[in-house]
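Q: Below is the structure I would like to discuss, written out as structure tokens.
The values are calculated or read from the model by the stated rules, or taken from the named source; none is laboratory data. These numbers come from a predicted model, not from an experiment. Neighbour counts are summed over all protein chains in view; Cβ atoms, including those assigned to glycine, are modelled from backbone coordinates with ideal geometry. All accessible areas refer to the heavy atoms of the entire protein, side chains included, with ligands and DNA or RNA removed. Shrake-Rupley method; radii C 1.70, N 1.55, O 1.52, S 1.80 Å.
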Amino acid sequence: MTHGTWGKMKGTRQMDEYTIRISRFNPGVDDGPTLKEYTVPHVDQGSVIAALNYVYEEIDSTLLFSYGCRYKLCGKCAIKINGQPGLACETNLEDRMTLEPLDNLPVIRDLAVDRSGLLEPLRKYDLVYSADHEPEVALQPPEFSQLTRCNECLSCLSNCPAYKEEIDYGGPFFGVKLAELYYDVRDGKKQLSHLESFLDQCIQCRQCDVNCPWDVNFSEISSKIKGEVFKHKGVSVRDWLMSRPHLVGHLASSVSSFFNSLVKKKSVRKIIDVLLRIDERVPFPEYHPSKVSPRRGIERTTKRKVAYFVGCFDRFNDPDTAKNSLFVLEANGVEATAFDPGCCGAPSIGLGDLESARNRAIAVSRELKKLINQGCDIVASCTTCGAVMKCEYPFLFNQLKEEEVQSRIFNLGDYLWQMHEAGQLNTRCKEIKRRVGYQSPCHLRSQKIGTPFVDLLRLIPGLEVVATFDKCCGMAGTMGFKKERYELSQKVGNSLIDEIRGEKLDLILSDCASCQMKIENDAKVDSVHPITMIREAMQ
Amino acid sequence: MTKEFDFDVIVLGAGGAGCAAAITAARNGTSVALVSKEGIGMGNTRMSGGEMSSSGVVDGDSAEVLKQDMIRGGEYLNNGHLVDIIARNASSAIRFVQGLGHYFRRDEEGRFSGKAASRLGGHSFPRSFGGLAASIAHALRNAVANTKSISVFEDTLVTTLFREGDEIRGALGVDLKTSECVVLKAKATVLATGGCGWLYYPQTTNNRTATGEGYAIAFEAGVQLVDMEMVQFFPFAMNHPSHLAGTLLDEPILAGPKGKLINELGEVIADHDINKMTRAQVTALMAKEISAGRATEWGGLKLDLSGNLDVPEMLEFKKVRDEVNFFEKVRIAYGEKAFNWKEPWDVSPSSHYMMGGVKIDPHGHSSMKNLYAIGEAAGGAMGANRLGSTSIADIFVTGIAAGKEMSTWIKAREKGKISNSLISREVEKIEKLFGQKGPQRPIKLKRELQKLMGENVGIVRDGERLSSALSHIDRMEEEVENALFVSSIRRYNTEFLDAVELKNMLTCARMIATCALERKESRGAHLRLDYPDKDDAHWLKNIIIQNKEGKMETSFSEKDISEI
């Protein structure tokens, strides 16, 4: 919370003026963008667009920014506001805001980006509505109405890590246009092959949903389309295995030491590479035999009961994270149990195997609701498992739709932060003199709850979170292992890896196992779940 | 550097009318340039309510009934031939728009029936079909992108029409991204530049690009314009907070059968059937209160919809609107109770549509050879007031008609030459603006003009204020001639854009004020405090305005009653 909002809310410190920073850049004349400060009057309910108009009219009319309709219809005023894409017309102005142009689009000048190239993919693929007559009866499916809400603001392109690397694929904006044709009952279905190759480039980071002003939620729709593609295409042995982490986990962890040493052998990886097309350059995570269970006989000082969702990676590859999570919860007086209903279904959704995913969703939801009825809050440390339960279950499988259920599912960091705000978190902890970085995973950002772990880490005396990263690592669950997608995965991840290397830190905390693996392998920096640090501080 | 291009047809403006004309002409084998100050489909078509009138779908309705409704709604000032064409072709235009991929709302069985249509104020039957206006724009854009013989010039501002003798032979544009001039030579030039609502900013529902380019460049070229005093104010628009002021809420239909309008003193101005009134009637009602000093603190009136909470069709109406978050603005400005109609909230009339425009014949042809005007750029069809949803019908009907008509003759005709001296003279005018070091920033003068228009040439008018506006415009025109400041930036210089738009806006402002001063009666959207009554004996005629050797001259065309 900024001081500006605080002052306004309390009514004690009414600010008359706000200072904002605006990116100024004239390509071909300036070396690069610079942020310039402007002082604008604060008006009640003033929007960012009003502030930009003020700067233009009263201070400097060489400032270039775009707008058209003044409220949410034209999408032209989309810019990055404090780093997040959004419409200047519907965002309230706050003190100290930073305004920049959208990413991944050519800048005309200052805040204006060139939107004209967007016609190109349509031309290239000859994508045109081509029904030869309007049918007498035609009711559109809900997906169609959802897609046509898009006002083409291009916030999704600004957020898309794959579009950044592969402009030609068109990004989520193009996907929305394709999907709109696909779902149109008058003309649809023939775009499936285009959509198939399109979705091959999508890394399912869900970032296109995060700042969409009309909640088009393309990533949810693309999961559905993946399901359609899957029905036509079938599945390879590799993909079948990779979408069953619980099964593979059971097998591998039952012979863990044998398995771990086997897949460390270059020759074995070579064979796997050729036979299964799992890229030999990406190391496998280690498997562990132990099972997670909470400690017993802990004194309960709060009314909180938590069922901690043990994800597949926790269960088989990283039992420490689960143990640490349970430890921290219990140490703060929470009655915690390990909840291990099997895979949440995320890998099956990623593959498009929606039938398998549906079965998982139904089974998990059933167990989960039972626990909620018994008074438990559901807490997940894995950001993907959390995002799937919160976003995909309701939309794709009609599960966990009820608000009273959704409101009981939490991300671990978010839950602990809420405990802290309720005064239930013991913050008298050990000093840890260390400088660390924090990588915010895509599936955390897609939950729109900020970065609660960063706030928590800042409670630890001596610990400095000197850098937070929010770029996609490119692993995208299992995508980074797939030989045919290895290149894309690397390309997407490179800018994060470069940034991390540049900071010269020896530990990066991240709540996503894929991010951790990628950072360890490519940036050669240790990476663990942030709960590890909190657990350490509590000893 | 100046680039030159040759086309059969150039279409200026890329909203519904321009795109429809370009697509139709191109499908009929002509080469087309589609020129737009913005991206394709980014203008007012996209921002409309998305409702399009059909020629009738329910028993008893027909093109003839629609025509009569439009003429009654237009208070008998309409050009009957133009209304006739719109009324007869509205349904086929709907099929054209559907054919591009737009989906109009259907009934629950998926049929295109009367149940899916709305009955808007002034219409005798439900005949207007809704949908997302942005989706119309997207369908147009996609269709344009996939029509091979259309060359697209986006972000290109047209500054002048090339007139040689008594014909138009093309236009000069400026590519705003580079500030390079573009000479567009053509056998036919189509004005599809929309209206001039931005003259009344912030109290306008329009996109900021609606600065009257088409009217101004046509006027400069000596083309006749008609009905320029007829500016429609949309009754229900926002007036608060500042960044939402002027933006559109809804047709009079929003008031439902039991909605009330209440003034600052708490007096009820109207308490039933506001939904059956035309936009002009509701605006006149509101204007009377506002000009008598009984406006709310935000300058409008309170709209109380609570009576409609037990009217089933109004609850259905709200449900449909809420699905696309249509009234989100109300929630932002006035809170949850107002959003749910439990509390009254503030509305103000807002400049919405120009009934006047370039005078055309039934094919869309103007008074000048080879120049067409379509959609809002053309005038005459709507008379003194336009009915809801007829504009979307108009833009497509006239766009398609013009596109078709010109392709019948265009291949056979030779292209006229544009002299190099004319080109270089016009290019020089553009170049001169860059780096001009006068004391006045164009945006400041723009705001000054907008304020003047709102106060003196707005919803209610009188002779004194109109005359004072005209002398104010004189002064401003002098300043524009000599005293502007424009930086020399070549990459999208908005000071340059403002300077050109300002000049055009001044021309439009002068035309509106001149015609408004001329018409000594009140009719439709034109309300004179000094002539409060309608005067059929003297004023059942249209005012024509034209540039004759540098002078603005008005004349009249008597109504041919047989056509209506």
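Q: What helices (runs of 4 or more DSSP H) completely inside the stretch A:405-457 contain at least 1 residues that are touching a strand residue (DSSP E or B) at 6+ places or on another chain (Cβ under 7 Å) and farther than 28 Å from residue A:365 by Cα?
A: Once the helices (runs of 4 or more DSSP H) in the stretch A:405-457 are filtered for at least 1 residues that are touching a strand residue (DSSP E or B) at 6+ places or on another chain (Cβ under 7 Å) and farther than 28 Å from residue A:365 by Cα, what remains is A:452-457.
One line per residue, one yes/no per condition, for (1) crowded, with 24+ Cβ neighbours inside 10 Å; (2) part of a loop (DSSP other than H, G, I, E, B); (3) modelled with pLDDT of 95 or more:
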site	(1), (2), (3)
B:334	no, no, no
B:350	yes, no, yes
B:353	yes, no, yes
B:367	no, yes, yes
B:372	yes, no, yes
B:387	yes, yes, yes
B:391	yes, no, yes
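Q: Let me ask something additional. Of all residues being open to solvent by 30 Å² or more (accessible area, probe 1.4 Å) and within 14 Å of chain B (Cβ to nearest Cβ) in the stretch A:177-193, which is farthest from residue A:480 (Cα to Cα)? Just the residue, please.
A: A:185
Q: In this structure, is residue A:471 over 21 Å from residue A:311 (Cα atoms), outside the structural domain of residue A:313 (by TED's automatic domain parsing) and touching a residue at least 40 places away in the same chain (Cβ under 8 Å)?
A: yes
Q: Hey, could you check the stretch B:415-453 for residues that are assigned to a helix (DSSP H, G or I) and of a type in the set (Gly, Ala, Ser) and say which is nearest to the other protein chains (Cβ to nearest Cβ)?
A: Here the residue is B:424.
Q: Can I ask one more? Report the residue count in the stretch A:214-235 for those that are over 21 Å from residue A:393 (Cα atoms), of a type in the set (Gly, Ala, Ser) and either in contact (Cβ under 8 Å) with a residue 40 or more places away in the chain or touching a Lys or Arg at 6+ places or on another chain (Cβ under 8 Å) (or both).
A: Matching residues across the stretch A:214-235 total 0.
Q: When you go through (1) closer than 30 Å to residue B:245 by Cα; (2) open to solvent by less than 50 Å² (accessible area, probe 1.4 Å) one by one for residue B:546, which number turns out not to apply?
A: Just one mismatch for residue B:546, condition (1).
Each row is one residue, and each column tells you yes or no for (1) in a strand (DSSP E or B); (2) open to solvent by less than 10 Å² (accessible area, probe 1.4 Å).
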residue: B:3; (1), (2): yes, no
residue: B:21; (1), (2): no, yes
residue: B:25; (1), (2): no, yes
residue: B:59; (1), (2): no, no
residue: B:64; (1), (2): no, no
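Q: Out of everything in the stretch B:204-248 that is more than 14 Å from chain A (Cβ to nearest Cβ), in contact with a Leu (Cβ under 9 Å, 6 or more places away or on another chain) and assigned to a loop (DSSP other than H, G, I, E, B), what residue ends up being farthest from residue B:519 (Cα to Cα)?
A: Only one residue tops the list, namely B:221.
Q: Evaluate the following for residue A:203: is it under 24 Å from residue A:496 (Cβ atoms) and open to solvent by 20 Å² or more (accessible area, probe 1.4 Å)?
A: No: the conditions fail for residue A:203.
Q: Of all residues in the stretch B:504-527, how many are surrounded by 23 or more Cβ atoms within 10 Å (Cβ to Cβ) and either within 10 Å of chain A (Cβ to nearest Cβ) or among the charged types (D, E, K, R) (or both)?
A: Adding up the residues that qualify gives 2.
Q: A further question follows. What number of residues in the stretch B:161-181 are surrounded by 21 or more Cβ atoms within 10 Å (Cβ to Cβ) and of a type in the set (Val, Ile, Thr)?
A: The total comes to 2.
Q: Is it the case that some residue within the stretch A:155-176 is over 26 Å from residue A:488 (Cα atoms), open to solvent by less than 40 Å² (accessible area, probe 1.4 Å), within 14 Å of chain B (Cβ to nearest Cβ) and in contact with a Leu (Cβ under 7 Å, 6 or more places away or on another chain)?
A: No, every residue in the stretch A:155-176 fails to be over 26 Å from residue A:488 (Cα atoms), open to solvent by less than 40 Å² (accessible area, probe 1.4 Å), within 14 Å of chain B (Cβ to nearest Cβ) and in contact with a Leu (Cβ under 7 Å, 6 or more places away or on another chain).
Q: Quick check on my filter: what residues within the stretch B:400-430 are within 30 Å of residue B:506 (Cα to Cα), open to solvent by 40 Å² or more (accessible area, probe 1.4 Å) and touching a residue at least 12 places away in the same chain (Cβ under 8 Å)?
A: Within the stretch B:400-430, B:419, B:429 qualify.
Q: Continuing with this model, one more query. Kindly provide the set of residues from the stretch A:87-112 that are under 21 Å from residue A:160 (Cβ atoms) and either of a type in the set (D, E, K, R) or open to solvent by less than 10 Å² (accessible area, probe 1.4 Å) (or both), ordered by number.
A: A:87, A:88, A:99, A:100, A:102, A:103, A:111, A:112
Rundown of residues vs (1) touching a Lys or Arg at 6+ places or on another chain (Cβ under 6 Å); (2) open to solvent by 30 Å² or more (accessible area, probe 1.4 Å); (3) hydroxyl-bearing (Ser, Thr, Tyr), yes/no style:
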position: A:439; (1), (2), (3): no, no, no
position: A:457; (1), (2), (3): no, no, no
position: A:469; (1), (2), (3): no, no, no
position: A:479; (1), (2), (3): yes, no, no
position: A:489; (1), (2), (3): no, no, yes
position: A:503; (1), (2), (3): no, yes, no
position: A:535; (1), (2), (3): no, yes, no
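Q: If you go through the stretch B:5-19 one residue at a time, do you hit one that is within 14 Å of chain A (Cβ to nearest Cβ), modelled with pLDDT of 95 or more, assigned to a loop (DSSP other than H, G, I, E, B) and within 17 Å of the chain's Cα centre (by Cα)?
A: Yes - at least one qualifying residue is present in the stretch B:5-19.
Q: Taking the stated definitions as given, is residue B:88 more than 14 Å from chain A (Cβ to nearest Cβ), touching a residue at least 60 places away in the same chain (Cβ under 8 Å) and open to solvent by 20 Å² or more (accessible area, probe 1.4 Å)?
A: Considered against the rule, which asks whether it is more than 14 Å from chain A (Cβ to nearest Cβ), touching a residue at least 60 places away in the same chain (Cβ under 8 Å) and open to solvent by 20 Å² or more (accessible area, probe 1.4 Å), residue B:88 comes out as no.
Q: Right, next: Are any of the residues in the stretch A:502-510 part of a helix (DSSP H, G or I), at pLDDT below 95 and in contact with a strand residue (DSSP E or B) (Cβ under 8 Å, 6 or more places away or on another chain)?
A: Checked the stretch A:502-510: at least one residue is part of a helix (DSSP H, G or I), at pLDDT below 95 and in contact with a strand residue (DSSP E or B) (Cβ under 8 Å, 6 or more places away or on another chain).
Q: Could you check how many residues of the stretch A:17-34 are of a type in the set (Ser, Thr, Tyr) and crowded, with 17+ Cβ neighbours inside 10 Å?
A: Residues in the stretch A:17-34 being of a type in the set (Ser, Thr, Tyr) and crowded, with 17+ Cβ neighbours inside 10 Å: 2 in total.
Q: Let me ask another. Quick check on this structure: which one of B:502, B:540, B:527 is under 23 Å from residue B:460 (Cα atoms) and within 22 Å of the chain's Cα centre (by Cα)?
A: Going through B:502, B:540, B:527 in turn, just one is under 23 Å from residue B:460 (Cα atoms) and within 22 Å of the chain's Cα centre (by Cα): B:527.
Q: Something else: Which numbered condition trips up residue B:282, out of (1) free of Cβ contacts under 8 Å to residues at least 40 places away in the same chain; (2) surrounded by 18 or more Cβ atoms within 10 Å (Cβ to Cβ)?
A: (1)
Q: Here is a list of conditions, (1) assigned to a helix (DSSP H, G or I); (2) within 11 Å of chain B (Cβ to nearest Cβ); (3) under 20 Å from residue B:41 (Cα atoms); (4) open to solvent by less than 20 Å² (accessible area, probe 1.4 Å), and residue A:144 meets all of them except one; can you say which number that is?
A: Evaluating residue A:144 over (1) assigned to a helix (DSSP H, G or I); (2) within 11 Å of chain B (Cβ to nearest Cβ); (3) under 20 Å from residue B:41 (Cα atoms); (4) open to solvent by less than 20 Å² (accessible area, probe 1.4 Å) leaves (3) as the failure.
Q: Taking residue A:499, is it assigned to a helix (DSSP H, G or I) and surrounded by fewer than 21 Cβ atoms within 10 Å (Cβ to Cβ)?
A: Judged against the criteria, residue A:499 is a match.
Q: Separate question: Looking only at the stretch B:285-307, filter to residues that are among the hydrophobic types (A, V, I, L, M, F, W, C) and open to solvent by 30 Å² or more (accessible area, probe 1.4 Å); which one of those is nearest to residue B:341 (Cα to Cα)?
A: B:298
Q: Report those strands (runs of 3 or more DSSP E) wholly inside the stretch B:92-179 carrying at least 2 residues which are touching a residue at least 40 places away in the same chain (Cβ under 8 Å), within 14 Å of chain A (Cβ to nearest Cβ) and farther than 24 Å from residue B:326 by Cβ.
A: B:150-153
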